[in-house]
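As structure tokens, the structure follows; a few thoughts come after it.
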Amino acid sequence: MEPLLKVRQVCKQFPGVLALDHVDFDLAPGEVHALLGENGAGKSTLVKIITGAYRLDSGTISIDGKEVRFHGPVDSREAGIGVIYQEFSLVNTLSVAENIFLGDYPMRRGRIDWKAMNEAAAELLQRFAVNAHPEDILTSLGVATRQMVEILKVLNRKNLKILIMDEPTSSLTDTEARTLFGFIRKLREQGVSVIYISHRLDEIKQICDRVTVFRNGQKISTEPAHDLSVADIVTKMLGAELAEHYPPKSKATGAPGLQVEHLSGPGFEDVSFVARQGEVLGITGLVGAGKSELVETIFGARRHTGGTVMMGDVKVDPKSPRSAVANRIGLLPESRKEQGLVLGLSCAQNITLASLDKISRPFLALGEEMRLASEKFETLEVRPGDPQNAAVNLSGGNQQKVVLAKWLTRDCRVLLFDEPTRGIDVGAKFQIYAMIVQLAEAGNTVIVSSSEIEEICGICNRTLVMRNGRIVADLAGDELTKEDILAAISRGEK
Ligand SMILES: Nc1ncnc2c1ncn2[C@@H]1O[C@H](COP(=O)(O)OP(=O)(O)OP(=O)(O)O)[C@@H](O)[C@H]1O
Ligand SMILES: [Mg+2]
């Protein structure tokens, strides 16, 4: 069958990086095609070339056998290509309905037909089982819900022929992901082709027909998904077998490092626990259970409505992130783009941003800044490896590593990680796990909030399980297993 989309010998050079090196890629009508590869392999760049967001240096792109030249996203949109980007493209100050219909508002007698728009949005939200109201303002919604709105916005388009999804499920609950897969299947039946990018390799076999793997800007292979195991895919991605999944756990446990007593706030209630120095304490549960709200409140980024937080004998009132930082509490936030990085600054500047006290004595010691940044670049294998690059030019996963580096550089005694490996490729995850355990072994109190139950079991000494804003289990030792965690989540009580 003639491919719907045909990419031939496409090259794209960025200063110092050949992001795409003579790439060929075919998308068949009505197929779901996975695009996989390590952080920085070139996946998002290919997407941006296909949509016309970036110009290609050489090569051709054809749709239905005809060569196309898109000069921008508007052209590709007209040709029936829809994209859900890794970075949100929503307007936070507008409502859900306004975002879904952005640029294409239903009109009536020359005016925006608000009623029709809100009704159509309500229908979409309901069909997709998204827990939001058409008139909700985006800022009032959580990351997962915003991601669903982003998806609805594209699915709402009538001329959709090719749907490209760049890590769409990284902030969705399992239920939402399943709803999304159901929708993708329906689209496929209607003849829409899908390009699907994800670092959650277990999803690939559930939803994809074929798999293309990229490494260092080159296409390595295209194969039917049912011929491949997850291990095969990993080997192709890395060019070698993955040696280890998890480092040995922390063996140090000391005095209480953080005591949370009867803490309540929006999204969670009456939470009490003690986290010890030297241990990695997990907080798990489904997306939406209140984990992020809890850690953000401990950090002072949200207001608590009751309870206390202590560090040893000292009462720390989580009033603001500034006071948390003064108390040497650090948070790696869930939505890194908004909370973690200044995109216009260099990576080195981003990394030292939260520890200027270390490098200014009293003048900014630029050599020290570079030294700190280079050290972290090496351990976390950030690519490209020059800390002087602007953060905006890094691939999604490498940006995550820079945010992580920023918090690792700061002298914190209590470190809160919220979904630390989201968007990180399988190879680099190990480095991050190793650093988390190292931080604990050095005597810090480390709390990891994650909905990836496997990683909780892999690195934590103990985990709390949350459901509907409450702690429903505290598991350690033999009880720290996937089965016990799932049982606690579904039982929903102590
Ligand atoms: N605008 C840009 N300017 C300079 N370099 C860029 C730019 N965009 C991407 N790159 C570089 O091109 C390479 C490929 O990046 P790309 O974003 O395509 O990776 P990716 O496969 O999507 O990775 P991830 O899984 O981390 O999202 C990387 O080395 C990246 O740093
Ligand atoms: Mg990407």
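The values are calculated or read from the model by the stated rules, or taken from the named source; none is laboratory data. The structure presented is a predicted model; accordingly, all values stated were derived computationally and were not measured. All Cβ positions, even for glycine, are placed from backbone atoms using ideal geometry, and neighbour counts span all protein chains on display.
Please report, ordered by residue number, the helices (runs of 4 or more DSSP H) entirely within segment 314-378 with at least 3 residues that are touching a helix residue (DSSP H, G or I) at 6+ places or on another chain (Cβ under 7 Å) and modelled with pLDDT of 85 or more.
Correct list: 347-352.
Have a look at Ile49, Ile61 and point out the one that is more than 16 Å from ligand 2 (Cβ to nearest atom) and either over 13 Å from Lys219 (Cβ atoms) or in contact with a strand residue (DSSP E or B) (Cβ under 8 Å, 6 or more places away or on another chain) (or both).
Being more than 16 Å from ligand 2 (Cβ to nearest atom) and either over 13 Å from Lys219 (Cβ atoms) or in contact with a strand residue (DSSP E or B) (Cβ under 8 Å, 6 or more places away or on another chain) (or both) holds for just one of Ile49, Ile61, which is Ile61.
Determine which single condition Arg410 fails, assuming it passes every other condition in (1) touching a helix residue (DSSP H, G or I) at 6+ places or on another chain (Cβ under 9 Å); (2) closer than 28 Å to Asn216 by Cα; (3) surrounded by fewer than 23 Cβ atoms within 10 Å (Cβ to Cβ).
Among (1) touching a helix residue (DSSP H, G or I) at 6+ places or on another chain (Cβ under 9 Å); (2) closer than 28 Å to Asn216 by Cα; (3) surrounded by fewer than 23 Cβ atoms within 10 Å (Cβ to Cβ), Arg410 violates only (2).
Looking at Lys219, Lys236, Lys249, Lys186 in this structure, which one is in contact (Cβ under 8 Å) with a residue 12 or more places away in the chain and farther than 17 Å from Gly37 by Cβ?
Among Lys219, Lys236, Lys249, Lys186, only Lys249 is in contact (Cβ under 8 Å) with a residue 12 or more places away in the chain and farther than 17 Å from Gly37 by Cβ.
I'd like to check something: does segment 227-235 contain any residue that is assigned by TED's automatic domain parsing to the domain that holds Glu441 and within 24 Å of Val437 (Cβ to Cβ)?
Checked against the condition, which is being assigned by TED's automatic domain parsing to the domain that holds Glu441 and within 24 Å of Val437 (Cβ to Cβ), segment 227-235 yields no hits at all.
Return yes when Val130 is in the same structural domain as Arg77 (by TED's automatic domain parsing), more than 24 Å from Ala34 (Cβ to Cβ) and in contact with a Ser or Thr (Cβ under 9 Å, 6 or more places away or on another chain) and no when it is not.
Yes.
Among the residues of segment 383-402, count how many are in contact with a Leu (Cβ under 7 Å, 6 or more places away or on another chain), within 16 Å of Lys48 (Cβ to Cβ) and buried (at least 19 other Cβ atoms within 10 Å of the Cβ).
1
So how many residues does segment 236-288 have that are more than 27 Å from Lys315 (Cβ to Cβ) and among the aliphatic types (A, V, I, L, M)?
7
Checking His245 against (1) in a loop (DSSP other than H, G, I, E, B); (2) crowded, with 16+ Cβ neighbours inside 10 Å: exactly one of these is not met. Which one?
Failed condition: (2).
From the residues in segment 114-146 that are in contact with a helix residue (DSSP H, G or I) (Cβ under 8 Å, 6 or more places away or on another chain) and of a type in the set (S, T, N, Q), which one is modelled with the highest pLDDT?
Filtering first and then ranking leaves Asn118.
If Thr421 satisfies every condition in (1) away from ligand 2 (no atom under 16 Å from the Cβ); (2) under 21 Å from Gly142 (Cα atoms); (3) of a type in the set (Ser, Thr, Tyr) but one, which is the exception?
Condition not satisfied by Thr421: (1).
Residue by residue through segment 451-483, note down the ones that are touching a Leu at 6+ places or on another chain (Cβ under 8 Å) and over 26 Å from Met435 (Cα atoms).
Those that are touching a Leu at 6+ places or on another chain (Cβ under 8 Å) and over 26 Å from Met435 (Cα atoms): Arg467, Ile471, Ala473.
Given the conditions (1) basic (Lys, Arg); (2) under 15 Å from Val295 (Cα atoms); (3) modelled with pLDDT of 95 or more, report the number of the one that Arg462 does not fulfil.
(2)
Suppose we filter Glu241, Glu189 for residues that are over 30 Å from Gln13 (Cβ atoms) and touching a Ser or Thr at 6+ places or on another chain (Cβ under 9 Å); which single one remains?
Glu241
When you check Lys12 against the structure, is it within 16 Å of ligand 2 (Cβ to nearest atom), assigned to a helix (DSSP H, G or I) and basic (Lys, Arg), yes or no?
no
Collect the residues in segment 186-203 that are part of a helix (DSSP H, G or I) and either within 16 Å of ligand 1 (Cβ to nearest atom) or farther than 16 Å from Leu27 by Cα (or both), keeping them in residue-number order.
Lys186, Asp202, Glu203
If a residue must be surrounded by fewer than 22 Cβ atoms within 10 Å (Cβ to Cβ) and within 22 Å of the chain's Cα centre (by Cα), how many such residues does segment 266-286 contain?
Within segment 266-286, residues that are surrounded by fewer than 22 Cβ atoms within 10 Å (Cβ to Cβ) and within 22 Å of the chain's Cα centre (by Cα) number 2.
Among the residues of segment 274-299, write down those that are touching a Leu at 6+ places or on another chain (Cβ under 9 Å) and at positive phi.
Passing the criteria: only Gly285.
Looking only at segment 156-199, how many residues end up being among the hydroxyl-bearing types (Ser, Thr, Tyr), under 23 Å from Ala289 (Cβ atoms) and within 16 Å of ligand 2 (Cβ to nearest atom)?
Result for segment 156-199: 4.
Assess whether Val316 counts as being crowded, with 22+ Cβ neighbours inside 10 Å and out of contact with any Lys or Arg (no Cβ under 9 Å at 6 or more places or on another chain).
No; evaluated as a whole, the condition is false for this residue.
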